[in-house]
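One structure below.
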């Protein structure tokens, strides 16, 4: 087993919302990340998936201490960075970098590309003058950009080229860990493939470790060694790629996998998609017990009162952990997305979705 490069233990990040209540009441808090523990091993790619608003990006910023933690610990290469000051963190910033989602918003439009990519060298006093220019042009060539475009502005580049600029900036100081926060979600499909292939080549060349965040399971499956599934601020399942797809344990994970599009028309037609009832609960007031129980067809009373631990179940090895009291056995499929316990509003939504689907199927059959 590879030594962990990054260890996250019971990390929580809560944001204050609204006004503090009168007469000394507690201020309402949005629990974006609420008790996450995981590890990232040197040289691997850990995929982090989940629907929008589940806390993926917040967790990534906690990992790299772009956000201060509400509680918990983060260890990088054996050093606890949870409470380090900005000056104490600076030497470690060279070892961990972030690649941001938006290739348009993450680059200053008023600065030339050479200056943007060269900032890490200037901030850490690594190189200046002609040496810095040479290093920047070398980086541009590595990521597939023309070094002669050193003096152009970001607006003169396409979306894919801008993302390559962001990659070059992140790799300037040869970090050990790179957090890729949905780096291809804003790009065309053909450009996505180019950027993903580039990231794979750079990982081999520079011995990089990635945390790859996305809501696209097909992309994550292609690039990752292990995948962690996140729901409403918590990790609900974590396993290697094959284990997660072939031995899915959490109902939420199965619902996510059922929504992955297929290029094969026969496969797409035969796949049964699972439509979850209800909406994602508010992270400001998460449900008691298992946070997925209001939408889970397997939920029982225990799920309402007890928060399940993230542990191996059904004879799985330590690499495959799931937070579910009643995990799915191999080959088991959810027969309904209707919650099995007391949510009248969810039942009404489920009935509406079922009626709409039935009407659509009838119209398709008549045609």
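The values are calculated or read from the model by the stated rules, or taken from the named source; none is laboratory data. Every value quoted in this text rests on a predicted model; they were computed, and no experiment measured them. Here the Cβ is made from the backbone with ideal geometry for all residues, glycine too, and neighbour counts use every protein chain on show.
What are the residue pairs meeting all of these: first residue in region 174-189, first residue on the phi < 0 side of the Ramachandran plot, second residue in a loop (DSSP other than H, G, I, E, B) and modelled with pLDDT of 85 or more, Cβ atoms under 7 Å, and 6 or more apart or on different chains? These pairs meet every condition: 175/94; 175/95; 176/95; 177/95; 178/208; 179/64. Restricting 339, 308, 297 to residues that are modelled with pLDDT under 90, surrounded by 15 or more Cβ atoms within 10 Å (Cβ to Cβ), out of contact with any helix residue (DSSP H, G or I) (no Cβ under 6 Å at 6 or more places or on another chain) and not assigned by TED's automatic domain parsing to the domain that holds residue 227 narrows the list to 297.
crowded, with 22+ Cβ neighbours inside 10 Å and outside any loop (DSSP other than H, G, I, E, B), is that true of residue 48? Break it down stepwise before answering.
Values: crowded, with 22+ Cβ neighbours inside 10 Å: yes; outside any loop (DSSP other than H, G, I, E, B): yes.
In short, yes.
Taken together, 66, 22 contain a single residue that is at pLDDT 90 or above and not in a strand (DSSP E or B), which is 66. Selection of region 276-286 for residues being surrounded by 14 or more Cβ atoms within 10 Å (Cβ to Cβ) and more than 13 Å from residue 252 (Cβ to Cβ) yields 283, 284, 286. Of all the numbered requirements in (1) within 19 Å of the chain's Cα centre (by Cα); (2) buried (at least 19 other Cβ atoms within 10 Å of the Cβ), residue 67 misses one, and that requirement is (2).
Run down 81, 123, 165, 142 and say which single residue is more than 20 Å from the chain's Cα centre (by Cα) and crowded, with 21+ Cβ neighbours inside 10 Å.
Working: 81 fails: crowded, with 21+ Cβ neighbours inside 10 Å; 123 fails: crowded, with 21+ Cβ neighbours inside 10 Å; 142 fails: crowded, with 21+ Cβ neighbours inside 10 Å.
After applying the criteria, what remains is 165.
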